[in-house]
Amino acid sequence: MKSSELATDLLIKHFNGEIVDWQRDYAWDTTNPFIAQPQRRLRMIAEICCEA
């Protein structure tokens, strides 16, 4: 949820004509475990989905 909130704030700025530095203001919640190890986390989700 936090990453989507960060991205939304940047999009609103962009649509309001403000300059957004997407690299510097990158919209990732670095405390999110899926961001810390994305390949491992995505593989885990894929395994769970395949089991269902």
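Details
- The angle between the Cα long axis of helix 2-15 and the longest principal axis of the Cα atoms of the chain comes to about 30 degrees, rounded to the nearest 10.
- Modelled this way, with points 7 Å down the Cα-to-C-beta line, the labels at I35 and S4 are 1.5 nm from one another.
- Separation of the E47 and L11 label points, Cα + 7 Å toward Cβ, nm: 3.2 nm
- Working note: Cα gyration tensor of segment 2-51, eigenvalues times five, square-rooted, sorted largest first, giving semi-axes of 30, 11, 8 Å.
- Relative to the longest principal axis of the Cα atoms of the chain, the long axis of helix 38-51 makes an angle of roughly 50 degrees.
None of the figures in this text is laboratory data; all of them are computed from the coordinates on show. No experiment lies behind these values; they were computed from the predicted model shown. Counting neighbours? That spans all protein chains shown, and the Cβs are built from the backbone with ideal geometry, glycine included.
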